[in-house]
Amino acid sequence: NPSYPDGHNNLGTLLTQQGRLDEAVSSYKEAIRINPEHADVFNNLGLALHQQSKLEESIDAYQKAIQIKPDYAEAFNNLGKALIANNDINKAIDSFYMAIAYNPNFSEASNNLGNAFQETGKLESAITAYQSAIAANNAYPEAYYNMANALQGLGDLGKAIEAYQNAIDIRPDYA
């Protein structure tokens, strides 16, 4: 049915997975034309635009998703990632905090918050964020690895080795 927004959204998702980003963006835009109040479509559009390195457009799409659904933790997390890519770390940190506020067990958002803090040299804050990510998902090798890097940066080599080992224990091929 050409006037079914979910069909266009699902098609856009499959096209994105295949790397057919121009077609995916067109499909998402058609879904939005049919239903301009579909927050998930704006979020998905933002993901495709981000993959195309169209950061300003992806940021706009995530912001529209959040306008429609103000507690949309995933869109706040994706917005934060786009803001980091666009060199706007402070706004990214705020966005990750919002994602976590709406979903306290959102381990990816906590890990991303830690990465943002680590990028700004706030290693203690980064470690706290990574610990939150691990508390939410103790089988998250990236969070252990990132925490190990921050611990190493602070000179806490014993805890860094332990965190690296945890990452490897979870995923032995983690390099």
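The values are calculated or read from the model by the stated rules, or taken from the named source; none is laboratory data. Values in this document were obtained by computation on a predicted structure and should not be read as measured data. Heads up, the Cβs are rebuilt from the backbone with ideal geometry, glycines too, and the neighbour counts pull from every protein chain shown. With ligands, DNA and RNA removed, areas are computed over all heavy atoms of the protein, side chains included. Shrake-Rupley method; radii C 1.70, N 1.55, O 1.52, S 1.80 Å.
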- Task: Would you be able to say whether some residue in the range 158-171 is surrounded by fewer than 20 Cβ atoms within 10 Å (Cβ to Cβ), modelled with pLDDT under 95 and assigned to a loop (DSSP other than H, G, I, E, B)?
- Result: yes
- Quick check, is Leu151 among the hydrophobic types (A, V, I, L, M, F, W, C) and over 28 Å from Tyr102 (Cβ atoms)? yes
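Residues are listed down the side, and each one gets a yes or a no for (1) farther than 24 Å from Ile168 by Cα; (2) of a type in the set (Val, Ile, Thr); (3) in contact with a Leu (Cβ under 8 Å, 6 or more places away or on another chain):
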| position | (1), (2), (3) |
| --- | --- |
| Asp88 | yes, no, no |
| Asp94 | yes, no, no |
| Ile100 | yes, yes, yes |
| Ser107 | no, no, no |
| Asn111 | no, no, no |
| Ala116 | no, no, no |
| Ala135 | no, no, no |
| Asn149 | no, no, no |
- Task: Would you mind finding the one in Ser53, Ser107 that is without any contact (Cβ under 8 Å) to a residue 40 or more places away in the chain, open to solvent by less than 50 Å² (accessible area, probe 1.4 Å) and either polar (S, T, N, Q) or within 23 Å of Ile134 (Cα to Cα) (or both)?
- Result: Ser107
- Task: Filter the range 65-90 down to residues that are open to solvent by 60 Å² or more (accessible area, probe 1.4 Å), over 14 Å from the mean Cα position of the chain (by Cα) and more than 17 Å from Gln52 (Cα to Cα), then give me how many there are.
- Result: 5
- Message: List pairs: first residue in the range 153-168 and at negative phi, second residue part of a loop (DSSP other than H, G, I, E, B) and surrounded by 13 or more Cβ atoms within 10 Å (Cβ to Cβ) anywhere in the structure, Cβ distance under 7 angstrom, at least six positions apart or on different chains.
- Response: Ala167/Tyr174; Ile168/Tyr174
- Select from the range 112-142 the residues that are among the aromatic types (Phe, Trp, Tyr), in a helix (DSSP H, G or I) and over 18 Å from Phe76 (Cβ atoms) and list them in ascending order. Tyr130
- When you go through (1) farther than 21 Å from Asn86 by Cβ; (2) open to solvent by less than 30 Å² (accessible area, probe 1.4 Å) one by one for Asn43, which number turns out not to apply? (1)
